[in-house]
1. Report the full-extension gain for the segment residue 5 to residue 284: residue separation times 0.36 nm, less the Cα-Cα distance, to one decimal in nm.
2. Give the order of 28, 97 when sorted by the count of other beta carbons within 10 angstrom, beginning with the fewest.
3. Springs between alpha-carbon atoms under 10 Å, Gaussian network over the chain: tell me which of 137, 174, 317 tops the mean-square fluctuations.
4. For region 56-178, report the convex hull volume of the alpha-carbon atoms normalised per residue, in Å³, without decimals.
5. Mind listing the phi-derived Karplus ³J(HN,Hα) values for region 113-123, rounded to whole Hz, using 6.51, -1.76 and 1.60 with θ = phi - 60°, and x for any glycine or proline?
6. What does the net charge come to around residue 168 if you take all other residues with beta carbon closer than 12 Å to its beta carbon, with K and R at +1 and D and E at -1?
7. Ignoring the sites themselves, what is the longest stretch of the chain with no GluC sites (Glu not before Pro) in a DSSP loop and at most 13 other beta-carbon atoms within 10 Å?
8. Non-local amide H neighbours of residue 254 (under 5 Å, H modeled in plane, Pro and chain starts lacking H): which ones?
Amino acid sequence: MGPDLKPLFGLSLKELEEVVSVLELPRYAAGQIAGWLYKKDIKEIIQMSNLSQNARDLLISKYSLGVSGPLQVQVSTDGTKKYLFATSGGRFIETAYIPEPDRATLCVSTQVGCRMGCRFCMTATQGFQGNLSAGEILNQLRSIPERRTITNIVFMGMGEPLDNLEETLKSIEILTSACGFGISPKRITLSTIGLMPAMNLFLEKSTCNLAISLHSPFEDQRRELLPMEKMHPFRDIIAALKSLGAEKQRRISFEYIVFKGLNHTRAHANELARVLDGIRCRINLIKFHQLPGNELQAPSDDDMQSFQQLLEKKGIITTIRRSRGQDIDAACGLLSTKKMTGKSPSKQD
């Protein structure tokens, strides 16, 4: 196949209808192609057996299938798996598979690197290297052995999904459409620091769940942790959620990484109760784990439980997210950073 072939995988039904129109194929061929792309495990276009030989030849002359497997996988003792994928330009992204007794979650990336600059994130140290296409986002689901077992998708991997809004929304359209993967929007969650107005567009065009990275209810402290607070203030995010009544259509949660001695005081609990008043939501507490070269430190288990109790006394539904994959490079961006810098990962299959 030549380098100029365009990938079919990642095209929406509307885009596939344009493809078959240009190739002068029957319009219904678009639905047939979508079925092969998103419901089957074919490796070559020639395997689309309900298309005529002429139709397949035309597709092969202009398009590639556009799927590729992972380069490597790290496997944790708790069953968590971290997959490494190659993208264009010799770059790398990560995907995490997290099995649990009642579900199997896939955490997908939307960008190579990230421009948000969050102090606690390994991906931020890479800087921004590029957006993933819808096909590259969906390939993380399509090309792992556990594809058929996945029950939930979370856009919480490398990158800020709303900084790649168009391709993220297209991937969600394909994930949820009947001619795509057919996954319920209730089983898809997008995690964001709250880019505006992109967040409003996501809320208007999708009913998927929303998880907002919070980490502190105090503006100055949040800005220290998430520099984009200066451009996208948390107060604007809260105002948008309240004005749109977003929680009536989907589950709203706030991701709150807890750092030792920094953001888990009674004052934090009181302020969280004040700013979140009127929004039906939950807070997910996440224990920070030390990253190479990062001065932020992990809290104790007692710190986590004490803060959870403070929040629950304020009437806020609060959960502590169980740490997974701690014996592998589980932190977001850690595996790809090691690959990019030429350092050997700690464990691999």
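Readers should treat all values here as calculations from the given coordinates under stated rules, not as data from a laboratory. Please read all numbers here as calculations on a predicted model, not as lab measurements. Please note: Cβ atoms are built from the backbone with ideal geometry, for glycine as well, and neighbour counts cover all protein chains shown.
1. My answer for the length gained is 96.1 nm.
2. On the way: 28 10, 97 25.
In order of increasing Cβ crowding within 10 Å: 28, 97.
3. Taking springs between Cα atoms under 10 Å, the residue moving most is 317.
4. Values: hull volume 16.9 nm³, N = 123.
Given the Cα convex hull of region 56-178, per-residue volume reads 137 Å³.
5. Taking θ as phi minus 60°, the curve returns x, 6, 9, 6, x, 4, 5, 9, 10, 5, 4 Hz for region 113-123.
6. Numbers: positive: 170, 205; negative: 136, 160, 163, 166, 167, 173.
Taking every Cβ under 12 Å from that of residue 168, the sum is -4.
7. On the way: sites that count: 24, 44, 146, 295.
Looking at the chain, 147-294 is the longest stretch - no exposed GluC sites (Glu not before Pro) with at most 13 other Cβ atoms within 10 Å.
8. Residues meeting the criterion, in which the H sits 1.01 Å from N, are 212, 282, 283, 284.
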